[in-house]
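Step one of this worksheet: look at the structure below.
The values are calculated or read from the model by the stated rules, or taken from the named source; none is laboratory data. These numbers come from a predicted model, not from an experiment. Neighbour counts are summed over all protein chains in view; Cβ atoms, including those assigned to glycine, are modelled from backbone coordinates with ideal geometry. Calculation scope for accessible area: heavy atoms of the full protein, side chains included, ligands and nucleic acids excluded. Shrake-Rupley method; radii C 1.70, N 1.55, O 1.52, S 1.80 Å.
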Amino acid sequence: MRVHEEREEDENTPGTSEGNTSAVIPRAEIVTTEPIVTRQKQMVLSNRFGTVSEHQINEFHEAIVRMIAEDLQPLSIVENSGFRRMIKLLDSRYEIPSRRALGRTIIPQIMEKVKGNVQILLNAASHIAITTDIWTSMNTDSFMTLTAHFVDTNLRELSTVVLCTKKLESNHTGVYLSQVMTEELMEWNILNKVVAIVTDGAVNIKLAVRLMDIPQIPCTAHKLNLIVQQSLEMSEVDEADRDETGGFKNILKKCRNIVAFFKRSEVGNRILVEKQKQLGINKVLKVKQDVRTRWNSTLLMLERLVQLKEPLTIAIISLTRAPIFLDHDEWNIVEDIIPLLRPFNCLTVELSAEQYPTISKVIPLIRGLQGSLVTKIPRTLLGQALKTNLIGNITKRFDVFEKQTITPSFSRATLLDPRFKKVAFGIDENANEAEKFVISEIADLLDTPNAVNEQAVVNEAIQDNVWEFLQSKVTSIQSQSTVTSSATALMRQYLSISHQDLKSNIFTFWNQHKSVLYPLSNIAEKYAIILE
């Protein structure tokens, strides 16, 4: 890097006389490899010690509220001495608000600001899908959460906002839940934009959505959980008379006792860690107790135990007081069950995203799940029974997803996903049926002003003609035929486009093809925003 430096001659400087001009350096060129140090703008004292501006106060307030919301902190944190000391150190000018001011003034003000921004996004959206969940807090109060999914018109990507977490003040009947949801959606002025509501399988919430005359979409993750739970119970019954180990429930009880022991016993945990190091396990795997009955947490526990099988065995043998350990047959059952449950966990994770469409993935993922289970070869009777029950329950609960009867949204969303189209279907007939219904939707949306004008002219010309009734029917049939053929041609044009990469953004695809594939692009967006 070259730096040029200007120097002025000084008459009093030695060696600058006329007789010694060689010593004069009017311009010096210095070559250096060191980086140039850019001088930073000097900080104005008023920025640090002056009066804090209204804008800065609002920024401080918003930062504290955001921290409380994102980190799930209580409002009382603003009264904690450590928090106040830290804020004063960062900027002593800022007057930390009281808990009362925060809860009654600042948060409501920020809430109104955020709500206004969300309302702008919702107003611009063409279609909105809702997911709902009812849950109970630690003090047994019940709440309903409504979450909206839509396409951001500016970013052209999927957006998700939580509309409310509302306390339920009455019995959870279908009528009451329907009223709560209707009132909330009307408050946001989006009731007429909602294309579907995703719920679990509870009878009351399904009834509530039906009363709203909005399509109800079953939660796939909920169905997967039920499939695993029921399959495990069915396998227990199948093996009750043949398996002396007492079945999977007994094995699971032993596993949880082992986890609880090594979590509770300091001596046992220390010995386990030592045995791991002796066996060359560089990463110390900690066994954590998880007493939840959800199958995915059970899977994680079993995987952890299998990873620690050898050091656990040695540690338990060396301990005088240790839990009852798994025998050889029981270990085989555990090792059989893990590969059968692992694909369900992968599927649940894949469908738990909020940043990309998921409903179109359900059919191909279920087909992939079925194919994965077929390749598994359990060695134990319980493992074989579990495999059979899992495959049977998947077929029973998910085969209907490809049909146009109870849940047509899944098949239509898959067909209109440029990554899948028809190839994701397990049965070609189901794909063809979905295509027919989508073509019908296109025909309903196609704008045909020319046909309307032509029919108006014909009707005017034959107003007094005795053949008017026949001409009217013929014109109507011709018009409908034109619309249907146009819709069919549009669908063929879409299907002729090459399949997109699995990692591609389908909203980008439809935005790029919006002009040539309209109104199919609008239909595709309507289904794509439904999140499972």
Applied in sequence order to segment 499-511, the curve 6.51 cos²θ - 1.76 cosθ + 1.60 (Karplus, θ = phi - 60°) yields integer Hz couplings, x standing for Gly and Pro, of 5, 7, 5, 4, 8, 6, 8, 6, 5, 5, 4, 5, 5
Over segment 146-244, with neighbouring protein chains present, the accessible area per residue in Å² at probe 1.4 Å is 49 Å²
Here the gain from full extension of residue 94 to residue 313, 0.36 nm per residue of separation minus their alpha-carbon distance, amounts to 72.9 nm
Once the in-chain neighbours fewer than 8 apart are removed, the lysines whose Cα is under 23 Å from residue 403 read 206, 223, 361, 421, 422, 436, 526
Note: residue 375 to residue 444 extended length (0.36 nm per residue) minus current alpha-carbon separation gives 20.4 nm
Sorted by chain and number, the residues with a modelled amide H under 5 Å from that of residue 198, at a separation of 5 or more or across chains, are 130, 131, 132, 217
Under the Karplus relation with 6.51, -1.76 and 1.60 and θ = phi - 60°, whole-Hz ³J(HN,Hα) for segment 176-193, x at Gly and Pro, equal 5, 5, 5, 5, 4, 5, 4, 4, 5, 5, 5, 4, 8, 6, 10, 4, 6, 9
Whole-Hz Karplus couplings 3J(HN,Hα) for segment 125-135, θ = phi - 60° and coefficients 6.51, -1.76, 1.60, Gly and Pro as x, run 6, 7, 10, 9, 10, 10, 10, 10, 8, 10, 9
Under the 7 Å Cα-to-Cβ spin-label approximation, residue 66 and residue 166 lie apart by a distance in nanometres of 2.9 nm
Distance in nm between residue 367 and residue 137 label points, each 7 Å along Cα→Cβ, equals 4.6 nm
Once both label points are put 7 Å beyond Cα along the C-beta direction, the residue 267-residue 352 separation in nm becomes 3.8 nm
SASA check, residue 331, accessible area w/ 1.4 Å probe, all protein chains in place, rounded to nearest 10 Å², comes out at 10 Å²
Expected sort for 222-233, 421-432, 67-78 on mean C-beta neighbours within 10 Å, highest first, is 222-233, 421-432, 67-78
Of 277, 115, ordered by accessible area with the largest first and a 1.4 Å probe, the sequence is 277, 115
Looking only at lysines whose Cα falls under 28 Å of residue 263's and that sit 8 or more positions away or on another chain, we get 249, 253, 254, 275, 277, 283, 286, 288, 309
Ordering 344-352, 135-143 by per-residue average of other C-beta atoms within 10 angstrom, highest first, gives 344-352, 135-143
Partner lysines whose C-alpha sits under 23 Å from that of residue 115, ignoring same-chain residues fewer than 8 away, are 166, 167, 193
